[in-house]
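Let me begin by presenting the structure, written as structure tokens, before commenting on it.
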Amino acid sequence: PAVILAREIIKRRDDNSPKNKDFYSRDRHEKLNLALSNFSTDNNKHFAKQFEFLEQYIDTSQISGEPILHISARELIATDYYRKEPERERQHVKGRKRNGIDDMFSTGEIEALYEETFKDVDIFQDNISLFSSKFVSPLSKLGPTFYRYYIMDTLQIDGDTCIDLAFTPFNVESFGFTGHIYTTKDSALFIKRVVLEIPHEINMNFVENLNIRQDFERTTDDTRLLTKETLIAELKVVNAVTGFYANREVVYRNHNFQSNEFAERILSNPAEVVEDDNSTSKSEEYWSQYGF
């Protein structure tokens, strides 16, 4: 029964896509926090002595429960645009800021880490690229030959009764995910939530732990709207420190299917990312209106 359900979900995975519309836009508010993982003042006495005030910023990893020390925060306000014919995607960045002490570390490694962590994850593709590795999606057309599926339970999500469909790769050393798909218990089989993790047996170089969660809402015509996404990763990047902990949160609002003159100007721009000249000089009042 679990495999039958998985095949039905995969068969319908593209039916609810917002990209079936002629035009689609959404606002995004994105936050990415970077921390040193498994941090303690006893093991980092020289670092702690230089920055005695940092001890008040020690937190706890949501994955391993180990202590972490926040060192950097980045934030982004943007609008994503999509046009079906001719197909084109653009992003208009309106606000961008950064705080922290990540300049102390290797610029190349930090920027590469940000670039990988800031990537959008599309669970509805056959393959998902993450941290220089390619994973088979549990919603891939090849999913039933790659994954074991299990019907776990039913639960309520935002008032909808949903089936918890768990999955794990047949070979836990292959590049797939473990996790859960929560789909409505009706004929639409609408996906309300997806949770992804990586098996511990996978050798991903510098990635030790990874957790991704996406939440969706549906319109009156069952179009799928991604409303919130979180990515938490524990990474070992440089030998000088224990490792890094990254927490990325994105909230999507104001989904729209009606184009306008401004949207068409952004879509006609040759650059994939169109950034305002004053994007890095926004006031605190500007940022305060975009609370999570």
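So which residues in segment 82-140 are assigned to a loop (DSSP other than H, G, I, E, B), modelled with pLDDT of 90 or more and open to solvent by 30 Å² or more (accessible area, probe 1.4 Å), if there are any at all? Write out each step before concluding.
Our first condition is that a residue be assigned to a loop (DSSP other than H, G, I, E, B); within segment 82-140, this holds for 84-87, 101, 105-106, 118-126, 131-132, 137-140.
From what's left, modelled with pLDDT of 90 or more: 84-87, 121-126, 137-140.
Hits for segment 82-140 are LYS84, GLU85, PRO86, GLU87, ASP122, GLN125, ASP126.
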Which residues, taken from segment 177-201, are under 17 Å from LEU130 (Cα atoms), touching a strand residue (DSSP E or B) at 6+ places or on another chain (Cβ under 6 Å) and not charged (D, E, K, R)?
PHE177, THR178, GLY179, VAL194, VAL195, LEU196, ILE198, PRO199
Those strands (runs of 3 or more DSSP E) lying entirely in segment 155-216 with at least 2 residues hydrophobic (A, V, I, L, M, F, W, C) and either more than 30 Å from GLY243 (Cβ to Cβ) or open to solvent by less than 60 Å² (accessible area, probe 1.4 Å) (or both):
160-169, 191-197
What about ALA78, is it closer than 30 Å to PRO138 by Cβ, open to solvent by less than 10 Å² (accessible area, probe 1.4 Å) and at pLDDT 70 or above?
yes
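The values are calculated or read from the model by the stated rules, or taken from the named source; none is laboratory data. The model shown is predicted, which means the values in this text are computed figures rather than measured ones. As a convention, Cβ positions derive from the backbone with ideal geometry for all residues, glycine included, and neighbour counts pool all protein chains shown. What goes into the accessible areas is simple: the full protein's heavy atoms, side chains included, and nothing from ligands, DNA or RNA. Shrake-Rupley method; radii C 1.70, N 1.55, O 1.52, S 1.80 Å.
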